[in-house]
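Trainee: The following block contains the structure, expressed as C-alpha cells.
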Amino acid sequence: MITKIIKLNEKKFRIDEIKIAVETIVKGGLVAFPTETVYGLGANVFNAKAIEKIYEVKGRPKDNPFIAHIADKKDVYRLASEIPEKAEGLMKKFWPGPLTLIFKKSKIVPDVTTAGLSTVAIRMPDNKIALALIRESKVPIAAPSANLAGKPSPTSAEHVIHDLYGKIEVIIDAGKTKIGVESTVLDITTDPPTLLRPGGVTLEELGSFLGKVKLHPIVKSEKKIGKVIAKSPGMKYKHYAPEAELTVIKGKTIAVREKIQELANEYKTLGKRVGVMTTSKYDYDADVVKFVGRDLKTIAKNLFKTFREFDKEKVDVIIAESVKTSGMGLAIMNRLKKASGYNIVKT
Ligand code: TXA
Ligand code: MG
C-alpha cells in the first residue's frame, strides 16, 4: 500500500487539504492524525471492518478497546447509554482536552470497538486538525495511539512513518504533539470515579474538581498485576517500551546518580552498550546520555521521543532517573514503570 503523507500546520490549514483523509475515513480506511497528546490511528467508530484493520495493523491484542474521539458533545448521548451527573461538569471543564471518560455503552457502538466490553471510552481531542477530521467525516473516530503494539506512542509523524508506513492509507503530519503522554482515562461508571490511566490531565486537577477520585490499584502498583483486576484491558500489557531493556532508579538525587553510574559500569564490563536518561544534565560516563528535560511538562513531552532515539543509537540497556509522582509525574512514572516491565530499583 502507498501511504499518503499530508503535511499540515494546525494554525493555518484549509479543509480541502484534509479531503483525502476524510474520504479515507468515510470509505473505511485508516488515517493517522495528530492530537494534543500523541498521534492516533483512526477509523470510523461504526465500521467494524475498519476497526478490525486497526487491530491487525498495530498487532494489538483483541481484548484492548479503543477510544472514540468526538468533535461535538452531542455524540456522547449517541455513544453512551447512561450519562452520570458528573459527566457534564467534567466535559465542560476538561474538553476539548486530554481526558478520556468511560461510560456505559449504547447499542450503536460495535463490539469490536470496545473489545466486547459493556463500556465505551470517549474523548474530545484538543487539536484543530483532529476536530476537523472528525467533523468532516461526520462520524466519531476510534483511535488508539498510532504505534505498533508495545512500542512507545508516536509524538511526531516521523514515529508514525517508522511504525506504519505502507500499512495505512494516510498519515497527517502536523509536527510534534504538545503534551507527549496519552490522555488520562477516568471511569465515571463508579462512584467516586476511578482513575485507570494517569495522563495529560493530572490527578490533582481531577481531585480538586471532583472532590474524590479512586486510584485503580494498578496505577499505584509497583508490580505487574494479573488479569483479574486489570479493569482497563490495556493496563496488563508491557507498553511504551524501547527495544533496549530499561531500568528505572528511584531515590535521593545523589544516591540515584551513584547507583546509575555503578550499574552503567557493570553493564559496560559485560560488553553492553549503555544509555542513560537524565533529568538534570548530570555528566554520566556512558555510551549515550540523553537529557529528557528538567520540568515534568518537558519530560512528558520528550519521553517517548527519547526512547525512540535510544533505539536508533542501538543501546542494549537504558538506565533512567525517576521523577516525583505529583502532577504530570504520575503519568511519566506510570509510563516508565510499564516500559521497564516494572524494573524499578530503589536506592
Ligand atoms: O491520548 C490518547 O488517549 C491517545 C490519543 C490518540 O487520543 N489514544 C490512546 O489510545 O492512547 P490507546 O488505545 O493507545 O489507549 C487507550 C486506553 C487503553 O489502555 C485501553 O485499554 C483503555 O484506554 N480503554 C479503552 N476503552 C476502554 C473501556 N471501555 N474501559 C476501560 N478502558 C478502556
Ligand atoms: Mg497505545
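Trainee: If the cut-off is 19 Å between C-alpha atoms, which lysines fall inside it for residue 252, apart from same-chain ones fewer than 8 positions away?
Mentor: 281, 324, 337, 346
Trainee: Still on this structure: What residues have an amide H closer than 5 Å to that of residue 197, excluding those fewer than 5 places away on the same chain, when H is modeled at 1.01 Å from N in the peptide plane?
Mentor: Placed amide hydrogens put 185 under 5 Å from residue 197.
Trainee: Using just the alpha carbons, could you tell me how many Å³ per residue the convex hull of the stretch 34-185 encloses?
Mentor: Normalising the Cα hull of the stretch 34-185 by residue number yields 98 Å³.
Trainee: Once phi is turned into θ = phi - 60°, what whole-Hz ³J(HN,Hα) does the Karplus curve with 6.51, -1.76 and 1.60 give for every residue of the stretch 57-66, x standing for Gly and Pro?
Mentor: Residue by residue, the stretch 57-66 yields 4, 7, x, 8, x, 5, 9, 10, x, 10 Hz.
Trainee: Once Rh for the stretch 256-347 is found with the Kirkwood sum over Cα pairs, what is the Stokes-Einstein diffusion coefficient at 20 °C and 1.002 mPa s, in µm²/s?
Mentor: For the chosen part, D equals 161 µm²/s.
Trainee: Could you list which residues have their amide H under 5 Å from that of residue 105, counting only those 5 or more apart in sequence or on another chain, with H placed in the peptide plane?
Mentor: Sorted by chain and number, the residues that satisfy this are 81, 119, 120.
Trainee: Could I ask something else about it? Quick one: which residues, 5+ away or cross-chain, put their amide H under 5 Å from the amide H of residue 241? H built at 1.01 Å from N.
Mentor: For residue 241, whose amide H was placed from the backbone, the distant partners under 5 Å are 151.
Trainee: Right, next: Given 58/297; 4/176; 11/178; 58/220; 53/167, which pairs have Cα atoms separated by over 21 Å?
Mentor: 58/297; 58/220
Trainee: Hand me the trypsin sites (Lys or Arg not before Pro) from the stretch 240-299 located in a DSSP loop with no more than 12 other Cβ atoms within 10 Å, in residue order please.
Mentor: Within the stretch 240-299, the qualifying trypsin sites (Lys or Arg not before Pro) (loop, at most 12 other Cβ atoms within 10 Å) are 252, 281, 294.
Trainee: Still on this structure, please answer the following. Equivalent ellipsoid semi-axes for the stretch 78-153, as square roots of 5 times the alpha carbon gyration tensor eigenvalues: give them largest first, rounded to whole Å.
Mentor: Three semi-axes, in Å: 20, 18, 14.
Trainee: State, as an integer percentage, the relative contact order of the stretch 4-220 based on alpha-carbon contacts under 8 Å between residues 6 or more apart.
Mentor: Relative contact order of the stretch 4-220: 29 percent.
Trainee: At 10 °C and 1.306 mPa s, what whole-number value in µm²/s does Stokes-Einstein give for the translational diffusion of the chain, with Rh from the Kirkwood sum over Cα pairs?
Mentor: 77 µm²/s
FYI, it's all coordinate maths here, none of it is from the lab. Since the model is a prediction, treat every value here as computed from it, not as a measurement. Because the Cβ atoms are built from the backbone with ideal geometry, glycine has one as well, and the counts that use them run over all protein chains shown.
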